[in-house]
Amino acid sequence: MMPSAISQFIHPALDRQGVSDEMRHLMITPYREIKFGLPIVDHEGGMKLYTGFRVQHNHSRGPFKGGLRFHPDVDLDHFRDLASVMTWKCALVDIPFGGAKGGINCNPQDLNQQEIETLTKRFVERLDEMLGPDHDIPAPDMGTGPQEMAWILEAHSQDHGFEPGTVTGKPLQLFGSEGRTQATGHGVAFVTRWACENSNIDIQEASIAIQGFGNVGSYTAQFLHDFGARVVAISDKDGGLYHPEGLDIPEILKARQQPHEKLRLNELAVSAEQITNEELLTLDVEVLIPAAVEAVINEDNVEDIQARLIVEAANIPVTSEADQRLEERGIPVIPDILANAGGVTVSYLEWVQNRQRYSWKEEKVNHILEETLHQAWNHLTSYAREEQISRRLAAYTIGTQRVREAIQLRGF
Ligand code: NAD
């Protein structure tokens with residue numbers, strides 16, 4: 001049932017707790033998996049059939065929570081892993097949500113607005129009562145953003161009334177939270193700063209390479225630049241830019257007009273060398289931040305990694321084989337379930353505000369974000385130090401233990 005990297009990260013954490021085979025099976029098996037056809041009339045008047053997916057992994061500690069990904073390569077195995085990651089992430093940062101993930105196997109760049117709106121609303125109609133503020137709460141992920149979340153709100157309210165806490169990452173005009181769009185990158189930047197301190201790397205001197213320049217990558221670059229770091233390389237799926245003295249991140253963001261992908265990076269007229277994604281990953285930098293897709297650091301390139309520290313802004317960007325090798329090589333990896341937890345943390349704050357029908361100022365949101373992540377960071381690093389284990393194993397041990405205790409207390 002549970003494939004690939006994620007089970008290899010969970011089992012050692014469960015071994016440490018002496019978890020029975022039955023409990024282990026329960027914890028890794030999704031609560032529910034749904035897969036369905038989504039037909040639409042395309043812009044040429046023909047029929048186009050897509051597939052929608054939602055995996056609800058665990059809700060022992062609160063409603064299912066997890067992003068929606070619109071990407072041509074997604075499948076059920078993919079979402080099983082990503083839903084499981086959400087369960088352990090919410091538990092690690094101690095917010096009262098479970099884990100889910102889903103999406104549609106489409107390429108949004110091949111679709112017009114009308115088609116994306118239809119697909120999004122149809123997706124919600126199919127899931128119907130399985131979604132809702134106390135059941136399952138979607139949020140943005142790759143290929144989706146505030147506009148898709150607004151369509152989800154609209155589709156769900158048709159039969160269930162206006163309840164903004166149904167979905168997070170909404171536009172501000174529809175009761176999204178201040179600070180949510182930038183929250184994941186903001187959190188990655190905080191965690192990178194603490195991890196640098198911990199590894200005796202001066203962030204003001206540090207050279208940083210970031211793969212992926214969408215929502216997460218672009219805001220990570222912006223905040224790290226604001227912290228005084230030298231972001232020397234960035235990339236999107238078509239390639240990247242490199243400048244050993246540091247890229248002018250504000251100029252690049254301005255050239256793209258908004259910190260979200262519109263133009264290809266290698267089409268921008270900025271002073272930098274062009275590099276490939278493969279070259280970016282093996283640059284001689286202090287910090288490497290994969291912020292795009294899964295498994296980019298793997299058996300094929302792990303020996304070529306030169307960074308002193310890796311911060312996982314994407315979900316599951318390092319395979320379990322590569323993770324083991326990095327540990328042997330003494331290159332610390334800050335795991336995704338902490339590094340990119342800023343997004344779901346502010347999603348939780350958005351949900352709290354929605355349920356109170358009240359909005360907080362951005363300073364308050366950012367303050368709670370930093371405090372929540374810092375608490376999780378301190379707990380994780382001291383536990384890893386005391387037990388002499390990797391931060392990955394420490395993170396999974398803390399997360400799985402909290403979920404296991406919730407399952408046992410609630411009973412079956
Ligand atoms: P996005 O769609 O906004 O941006 C994705 C970026 O990755 C783009 O720059 C794209 O060009 C690039 N990319 C795509 N395929 C690539 C490839 N094969 N090689 C190199 N670059 C590639 O997505 P996002 O929301 O920034 O999400 C990025 C990662 O962060 C994903 O793993 C996602 O699950 C994770 N994440 C996102 C959030 C969030 O709040 N959006 C929260 C937690 C984790």
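Read the figures in this text as sums done on the coordinates, not as results from a lab. All figures in this text were calculated on a predicted structure; none of them were measured in a lab. Here the Cβ positions follow ideal geometry from the backbone for every residue, glycine too, while neighbour counts run over all protein chains shown.
Long-range amide H contacts for residue 275: which residues qualify at under 5 Å (H placed 1.01 Å from N, peptide plane, sequence gap of 5 or more or a different chain)?
Those lying under 5 Å, H to H, from residue 275 are 240, 241, 242.
Which of the aspartates and glutamates could a cross-linker span from residue 254 if the Cα-Cα distance has to be under 14 Å and same-chain partners fewer than 8 positions apart are dropped?
Straight-line reach from residue 254, under 14 Å: 267.
By the gyration tensor of its Cα atoms, with a ≥ b ≥ c the square roots of the eigenvalues, what is the shape of the range 71-173: rounded for a/c under 1.5, prolate for a/b over b/c, or oblate?
Oblate, since a/c reaches 1.5 and b/c is not below a/b.
Quick one: Cα centre-to-centre distance for the range 368-409 and the range 42-86, in angstrom?
Centre-to-centre (Cα) distance: 27 Å.
Considering amide H positions built from the backbone, and no H for Pro or chain starts, which residues 5 or more places from residue 51, or on another chain, come under 5 Å of its amide H?
Placed amide hydrogens put 38, 105 under 5 Å from residue 51.
Determine the dipole magnitude for the range 45-176: charges of +1 sit on the beta-carbon of Lys and Arg, -1 on that of Asp and Glu, nothing else is charged, the reference point is the Cα centre, and the result goes in debye to the nearest 20.
Around 220 debye, computed over the range 45-176.
Considering only the chain, what is the antiparallel percent among its DSSP beta bridges, to the nearest 5? Provide the component values of the computation, followed by the final result.
Values: 24 of 46 bridges.
Here the share of antiparallel DSSP bridges comes out near 50 percent.
Could you give the size of the charge dipole of the chain about its Cα centre, using +1 on the Cβ of each K and R and -1 on the Cβ of each D and E, expressed in debye and rounded to the nearest 20?
1320 debye
Put +1 on the Cβ of every Lys and Arg and -1 on every Asp and Glu Cβ in the chain; which of 20, 380, 206 then has its Cα farthest towards the positive end of the dipole?
20
Can you tell me, using C-alpha contacts under 8 Å and at least 6 residues apart, the relative contact order of the range 1-136 as a whole percent?
Across the range 1-136, relative contact order equals 25 percent.
Show me the trypsin sites (Lys or Arg not before Pro) within the range 335-412 that DSSP assigns to loop and that have at most 14 other Cβ atoms within 10 Å of their Cβ.
Numbers: sites: 355, 357, 361, 364, 385, 391, 392, 402, 404, 410; in loops: 357, 361.
Within the range 335-412, the qualifying trypsin sites (Lys or Arg not before Pro) (loop, at most 14 other Cβ atoms within 10 Å) are 357, 361.
I need the calculated FRET efficiency for the pair residue 266 and residue 197, taking r as the beta carbon distance and R₀ as 30 Å, to the nearest 0.05. Mind dumping the intermediate values first?
On the way: r = 34 Å, r/R0 = 1.13.
Step by step, r from the Cβ atoms, then E = 0.35.
Note down the magnitude of the dipole of the range 169-250 about its Cα centre, charges +1 on Lys and Arg C-beta and -1 on Asp and Glu C-beta and zero elsewhere, to the nearest 20 debye.
Details: 5 positive and 9 negative charges, 73 e Å.
Computed about the Cα centre, the dipole is about 360 debye.
Calculate how many DSSP beta bridges within the range 172-279 are antiparallel, expressed in % of all such bridges and rounded to the nearest 5.
Given both bridge residues lie in the range 172-279, the antiparallel proportion sits at roughly 60 percent.
Over the range 303-412, what is the mean sequence separation of C-alpha contacts under 8 Å (at least six apart), divided by residue count, expressed as relative contact order in percent?
24 percent
Only Cα pairs within less than 10 Å get springs; with that Gaussian network setup on the chain, which residue of 238, 21, 94 has the largest fluctuation?
21
Tell me the mean residue ellipticity at 222 nm calculated for the chain from its helices only (DSSP H runs of n ≥ 4, each -39500 (n - 2.57), averaged over every residue, nearest 500).
On the way: 14 runs with 182 residues, N = 412.
Estimated from H runs of four or more residues: -14000 deg cm²/dmol.
Which of 145, 99, 185 ends up with the largest GNM mean-square fluctuation for the chain, with Cα atoms connected below 10 Å?
Among 145, 99, 185, the largest mean-square fluctuation in the Gaussian network model of the chain belongs to 145.
Report, for the range 1-159, the % of DSSP beta bridges that are antiparallel, rounded to 5.
The antiparallel proportion sits near 70 percent.
Relative contact order (percent) for the chain, with alpha-carbon contacts under 8 angstrom and 6 or more residues of separation?
Values: 850 pairs, mean separation 69.4, N = 412.
Relative contact order of the chain: 17 percent.
Among 169, 102, 239, which one shows the biggest mean-square fluctuation in a GNM of the chain, springs joining Cα atoms closer than 10 Å?
Highest fluctuation of the listed residues: 239.
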